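Each remark here refers to the structure printed beneath this line.
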Amino acid sequence: MNPTRAILLASHGTPGARAAERAALDLCAAHGRVHHLLVVPDFWKGMLGDDWLNNAAVHVRFGRYVEDQLEREIAEHVARVADETQRRGLGYSCELRLGKPAECLAAVAAAGGFDLVVVGSPRPRGTPGYRSRLAVETVIKAIKAPLLIVPHPGR
């Protein structure tokens, strides 16, 4: 595949997403740009079930803790990718969305004028972690650029 000038990278820092990051950065042409999309899946909104959070103060405190933790992880991830694009002389922009990953990726890809969309593949069975699924059909129907799904490093 030839180097491209404008890449949309959907990445959230897992090993599979990091494989996608490496591929996107390797494929990006000199002085090209990478637009980094981070999607916080909308299931996080429901993380504050009230089964054990039986008073409002504990509920609010726990909610702030979860949000602060997500914010720290996202900031570290964005800084790492931004540093690597800068080291390579590439342009970098970042966008954070809350919602369904496929719908968010499709909307950004359809609106952005990208030459290539890069994502990581699902983690292999038996690998620890949340097994979210990207509805690839939703993305494929909405985008005009090629979609590269980078294999998980554990395969």
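Annotations
- Count - residues of segment 133-152 that are charged (D, E, K, R) and surrounded by 17 or more Cβ atoms within 10 Å (Cβ to Cβ): 0
- Looking only at residues of segment 81-119 that are farther than 13 Å from residue 34 by Cβ and of a type outside the set (A, V, I, L, M, F, W, C), we find that the one that is surrounded by the most Cβ atoms within 10 Å (Cβ to Cβ) is 101.
- Sole residue being modelled with pLDDT under 85, hydrophobic (A, V, I, L, M, F, W, C) and touching a Leu at 6+ places or on another chain (Cβ under 7 Å), chosen from 114, 62: 62
- Segment 31-54, subset more than 13 Å from the chain's Cα centre (by Cα) and at pLDDT 90 or above, residue nearest to residue 104 (Cα to Cα): 33
- Residue pairs meeting the criteria (Cβ under 9 Å; at least 6 apart or on separate chains; first of a type in the set (S, T, N, Q), in segment 74-93; second open to solvent by less than 50 Å² (accessible area, probe 1.4 Å) and assigned to a helix (DSSP H, G or I)): 85/25
The values are calculated or read from the model by the stated rules, or taken from the named source; none is laboratory data. As the structure is a prediction and not an experimental result, all values here were calculated from the model. Backbone-built Cβ (ideal geometry, glycine too); neighbour counts: all protein chains shown. Just so you know, the surface numbers come from the protein's heavy atoms only, side chains and all, with ligands and any DNA or RNA stripped out. Shrake-Rupley method; radii C 1.70, N 1.55, O 1.52, S 1.80 Å.
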